[in-house]
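Data first, discussion second: the structure below is written as structure tokens.
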Amino acid sequence: MTASASDHRQRPTAAPRDRIEVELLRLYEELLQTAPIGIDECFFDLGGHSLLAVQLLARIKKTLGVTIPLAWLFEQTVEEDQPVDVAYVRTLLHRAEATPDLSDSVLLREAEGTPSVFFISGAGGDVTPLFPLARALRADRRCVGLQAPPLRPGEDEQAVETLAEHHVRQIQRLVPHGPYALIGWSMGGATAFEVASRLQAAGEKVELLALLDSFLGDQLPDYTEAEIVAMYTDELIRIHRADPADSTDSTDSEALAAELPYSAGLERVLQEAAVRGLIPMESDLGYFRERFAMYRAHVRALGRYKPVDPVEQLALIYAGGPEDQVRAQAAACWSELSERPATVRFVDGDHYSMLREPAVAHVAAVVGDWLPDAGR
């Protein structure tokens, strides 16, 4: 995705039109360490990646006082991939200023005039990891990501039931009546299950409920604070870095945090990750602290979640193979909550790489086979 220096210099650049664009260009040039940059040049084509994007949005918040959700940078238009240039970020500034609830839905992929597939991400509530799956899914479905609401002051847990109720409102605001197609990854699988249960109780049809590498709370241990810090740090790096060699060892992360309160442990682990070059050295760690608070709240909530009513049918995809006893047991437990026999598939990869190439193409093909034809 990175343009060479010579390609960049040969391209004509559009000049900023006002002080806001001048400031945004300055941030682009500082983070990307290249100049000049035109307002029509894409952040990612110039060498940006998702962790640098985190830093870009943190600096925008600090400099201009506006919070832009990370997932907005990855939205796609009907015609083509939207270049994340300064002109586009300028439109996001206006959108954020006009949107009081930043936990609204996120367009992962447009398909004009066709039914939607709703994606629910894992602990932390950020749908960014599901963009590759949405882009790889067959083209006759619009793909919409559902963001978790921010924690309220003093809130340290978001119950799965609370998240599900929030997502039901998001879904029905966009599509008042079914049939609905839902995909949940990791903890998002439990939330998607609860969403489907509530929609069905209201008399709506759910044509697909697909859970990706999801577990019930009964299968999970009561994680210590240090373990949650280690899990979050590992997930942060695994999601944002495609090369497994860039990932820290979770046991190293746990050891760094083991004897500290969770907030201090998180700080220590993030600083260590910056030293190792795994996140930008000058990152605003406030973003990561906020995301961790949500991650921790969701991990705790999943451990307490007890499904009540079964759903009509479940489709399950797990990373690895059926010889993985933990995942085979998870599939068996979920299957007991399906009125009709659950469909189970295994794909190559692990919990994170199943959402990236090459494994994500297989996941998308399996989900595509399960989806009814649009309009049927």
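Here is how the numbers come out for the structure above:
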| quantity | calculated |
| --- | --- |
| From the options Y180, Y232, residue that is under 22 Å from A293 (Cα atoms) and touching a residue at least 40 places away in the same chain (Cβ under 8 Å) | Y232 |
| Residue list for segment 105-128, filter: modelled with pLDDT under 90, in a strand (DSSP E or B) and buried (at least 22 other Cβ atoms within 10 Å of the Cβ) | V106, L108, R109 |
| Per-region count, segment 175-194, residues more than 17 Å from the chain's Cα centre (by Cα) and either among the hydroxyl-bearing types (S, T, Y) or in a loop (DSSP other than H, G, I, E, B) (or both) | 6 |
| From the options F193, F131, residue that is among the hydrophobic types (A, V, I, L, M, F, W, C), in contact with a helix residue (DSSP H, G or I) (Cβ under 7 Å, 6 or more places away or on another chain) and modelled with pLDDT of 85 or more | F131 |
| Flag for I317 being surrounded by 15 or more Cβ atoms within 10 Å (Cβ to Cβ), modelled with pLDDT under 90 and not in a helix (DSSP H, G or I) | no |
| Criterion violated by E312 - all others in (1) in contact (Cβ under 8 Å) with a residue 60 or more places away in the chain; (2) under 25 Å from the mean Cα position of the chain (by Cα); (3) more than 30 Å from E225 (Cα to Cα) satisfied | (2) |
| Total residues in segment 161-214, condition crowded, with 24+ Cβ neighbours inside 10 Å and of a type in the set (S, T, Y) | 3 |
| Hits in segment 321-376 (condition: part of a loop (DSSP other than H, G, I, E, B), in contact (Cβ under 8 Å) with a residue 60 or more places away in the chain and either surrounded by 13 or more Cβ atoms within 10 Å (Cβ to Cβ) or β-branched (V, I, T) (or both)) | L337, H351, Y352, R356, L371, A374 |
| All positions within segment 27-41 that are surrounded by fewer than 17 Cβ atoms within 10 Å (Cβ to Cβ) and under 10 Å from V86 (Cβ atoms) | D40 |
| Matching entry among L182, L146, L102 (being modelled with pLDDT of 95 or more and among the aliphatic types (A, V, I, L, M)) | L182 |
| Filter result (assigned to a helix (DSSP H, G or I), under 20 Å from R291 (Cβ atoms) and of a type outside the set (A, V, I, L, M, F, W, C)) within segment 36-66 | S50, Q55, R59, K61, K62 |
| Pair list, Cβ under 6 Å, 6 or more apart: segment 54-68 residue surrounded by fewer than 20 Cβ atoms within 10 Å (Cβ to Cβ), other residue basic (K, R) and in a helix (DSSP H, G or I) | T67/K61 |
| Yes/no for L236 being in a strand (DSSP E or B) and more than 17 Å from A301 (Cα to Cα) | no |
| Residue within segment 71-88 that is modelled with pLDDT of 80 or more and farther than 30 Å from C143 by Cα present | no |
| Segment 146-174: number of residues that are in contact (Cβ under 8 Å) with a residue 60 or more places away in the chain and assigned to a loop (DSSP other than H, G, I, E, B) | 9 |
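The values are calculated or read from the model by the stated rules, or taken from the named source; none is laboratory data. A quick note: this is a predicted structure, and the numbers were derived from the prediction, not measured. Methodologically, a virtual Cβ is constructed for each residue, glycine included, from the backbone with ideal geometry; neighbour enumeration extends over all protein chains shown.
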